[in-house]
Amino acid sequence: MDADDHPVETILAEARRFMVPLYQRKYQWGDERLVPFWEDVEAKASEVLEGESKFQHYMGALILAPIGEGAQIGVTPRVQVVDGQQRLTTFQLFLVALREVARQHECLDIISYVQDYIFNPLKSKDSDPLTRFKLTPTPSDREVFHDILDLDYWKVRGKYGRYYWGTGVPKNTPLRALRAYDEFKKRISRFCQYGPVINEYENDIEAAEEADTGEAIELRLEALLKALLNRMKLVVITLGEDDDAQVIFETLNSKGEPLLAMDLVRNNIFYRAEKQTAQIEELYKELWDPFDAAWWREAAPFARPKRPRIDHFLSHVLTAETGEKISMRELYAEYRAFAVPKGRPRFPNVEDELRLLERHAPTYETLEGRKSSNETIAWLGRKLAAWQVTTAYPVALQIAVANVDGGEKDVLARLIYSYIVRRAMCGLTAKNLNRVFQAIAQRFVESGPSVSTLVEFFDERPGNSTRFPSDQEVRSGLLSKPLYQNAPDARNKDILWELELASRSKLAEKIEMPDGLWTEHVMPVSWTDEWPFPGGVILERSSPDPRVAVRNELLHTIGNLTLISGSLNISSGNKSYSKKKEKFEEHSGLFLNKWFNKAGFWDENSIRMRSQKLADDALKIWLGIEKYGGKIHQT
């Protein structure tokens, strides 16, 4: 038996046939395996694009057994795939999907390059027509798999049209390879046009942004190709004649629980503690045992990729301590590099190392809503959860332990929240939020967390992808931008609830946001003849009249949005303003809706007037850096 690790490129570049035995399962990977695989490749491609790919990613084991004929001159050698055929098949399907996207964008060099990893060059004595395929799957998969490799996308879709539904292949299809191919093509195409998706908030608004073209698309395709071929590795075990393939297969596929990255970190820490002759049992009980609670192993609800909280916690701690970008998929390697940089321990002893984790744990638990160790951090955690921006957690960890007074910590937390909200109000991209917060963490490592440091950071960044919007830009955005779309779902509800609190008098009851509130368009998106234009003019929604275009632009702005209960939303529907007003007066107790008691009608000017008032309130709630000496960048 011979075992060694190799990048995928090395495994697929060699001219040989990977033969899947008849007794093996047909291709089985569904979305529960395809999505994490895609996220691994996407993350590595993003690192390649940014020039930050530090570690290779292990994808598991590949067990091969040479087939009897051995090396024959003029014949392409064959190897039996004892284990790992699901991964090999997935690699091939990914490469073919990437080739099809390259065809769509006429990236000829990439098409040619991919072919070398899915097809073998025929040798003089090759007689089997299937020799040209690198991988020969089981007979039940063979036809569809080889058609996918041989035919272009539309021919595949034509031949297997009965397996498509709408725009794709359903999850429950019997042809899993077809589903994988179709899903990869969609995800690769999206990545090439819009770049990597870093968080769920970005995913919501990304489709509204313009797609990149030309050179950027080709660079992203190359990055995906490099990520799979060069940055992904397998442990390749090549069996000898005396090795029992089945015993080895069963051993490697036993049902043991997979180790988390934090399990590997724990093992490494206490291995070093033993070498230091530390009191291991005492250290474990005091400083590690709390992390063994089930809560830490649950998936972090709003973070990407989907991993246990303990892994995300460790990643945030590393960024907070170093200011560096941390790869979640190489977390163990990242931690080793942090704890023992260049072979020299960072901490005098392991206890100090564990104390660091202990120091940050209550803050993370507070951000996630498990504890309430600090009121400011608990408030920030609720806001970041509403906006699904956990990439700000390292900065929150730094603020929590900063050597500044509580008042300054409050301002820092509010500025972080305001930055996220203001950019949405102005329709500015969320693509760079992960990079922005990592860069802030880096600045805080260098200069210490403070309001002046944060203001200075944004003063140096006037560009569209990063800047902190000014009061003037926020007002303009609220008057003209579609807030309902730029801050979808829980985000626009959060904005409206903050405006509700600002609308309430000092004598009003202090209440928490009720469950089940819906965002309501006062003037319906599907408006009818019951919503005439000024002067009583009736126009169809499809009319080319410019007044219709103006109305449709205003429908999703802040002035036309409010909060009501779900049942009231359903009851109000697309009814006339007079009927909606009656329902609001009778059934809504929110101060935000008292505005309509005084409004006898509702048209475009009414929306603009309310937008102005809400913009005044918004500028008091979501602070700008001008108040703290920041520059006003021209837009």
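The values are calculated or read from the model by the stated rules, or taken from the named source; none is laboratory data. If you're wondering where the values come from, they're calculated on a predicted model, not measured in any experiment. In this analysis, Cβ positions are derived from the backbone assuming ideal geometry, glycine residues included, and neighbour counts consider all displayed protein chains. Each accessible area value is taken on the protein alone, full model and side chains, heavy atoms only, with ligands, DNA and RNA left out. Shrake-Rupley method; radii C 1.70, N 1.55, O 1.52, S 1.80 Å.
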- Item | Unmet criterion (only one of (1) over 30 Å from PRO462 (Cα atoms); (2) open to solvent by less than 80 Å² (accessible area, probe 1.4 Å); (3) touching a residue at least 24 places away in the same chain (Cβ under 8 Å)) for VAL548 | (3)
- Task: Residues being at pLDDT 95 or above, under 23 Å from ARG491 (Cβ atoms) and of a type outside the set (Phe, Trp, Tyr): count how many of those fall in region 442-465.
- Result: 1
- Message: Return the pair list, or none, for Cβ contacts closer than 9 Å from residues in region 127-148 that are within 16 Å of PHE94 (Cβ to Cβ) and open to solvent by 70 Å² or more (accessible area, probe 1.4 Å) to residues that are part of a helix (DSSP H, G or I) and not hydroxyl-bearing (Ser, Thr, Tyr), at least 6 apart or on different chains.
- Response: none
- Elements of type helices (runs of 4 or more DSSP H) contained in region 533-635, each with 1 or more residues being under 30 Å from THR466 (Cα atoms): 546-554, 604-621
- Message: Can you tell me how many residues within region 570-600 are among the polar types (S, T, N, Q) and surrounded by 18 or more Cβ atoms within 10 Å (Cβ to Cβ)?
- Response: 3
- Item | Positions within region 313-337 being at pLDDT 95 or above and not acidic (Asp, Glu), in sequence order | PHE313, LEU314, SER315, HIS316, VAL317, LEU318, THR319, ALA320, THR322, GLY323
- Item | region 485-521, subset in a helix (DSSP H, G or I) and small (Gly, Ala, Ser), residue nearest to the chain's Cα centre (by Cα) | ALA490
- Task: Restrict the check to region 91-98 and report whether at least one residue is assigned to a helix (DSSP H, G or I), open to solvent by 30 Å² or more (accessible area, probe 1.4 Å) and touching a helix residue (DSSP H, G or I) at 6+ places or on another chain (Cβ under 9 Å).
- Result: no
- Task: Exactly one condition in (1) at pLDDT 95 or above; (2) in a helix (DSSP H, G or I); (3) crowded, with 20+ Cβ neighbours inside 10 Å is not met by ASN434; state its number.
- Result: (1)
- Query: How many residues does region 6-57 hold that are outside any helix (DSSP H, G or I) and closer than 20 Å to LEU135 by Cβ?
  - Reply: 19
- Item | Residue count, region 452-476 (criterion: in a helix (DSSP H, G or I) and open to solvent by less than 20 Å² (accessible area, probe 1.4 Å)) | 6
- Item | Selection count, region 159-185, where residues are open to solvent by less than 80 Å² (accessible area, probe 1.4 Å), among the basic types (Lys, Arg) and under 23 Å from the mean Cα position of the chain (by Cα) | 2
- Consider GLY624 against the criteria (1) under 21 Å from LYS506 (Cα atoms); (2) in contact with a helix residue (DSSP H, G or I) (Cβ under 6 Å, 6 or more places away or on another chain): it satisfies all of them except one. Which criterion is unmet? (1)
- Item | Close pairs (6 angstrom Cβ cut-off, 6 or more residues apart or separate chains): closer than 20 Å to GLU498 by Cα in region 602-620, not in a helix (DSSP H, G or I) and not small (Gly, Ala, Ser) anywhere | SER611/THR557
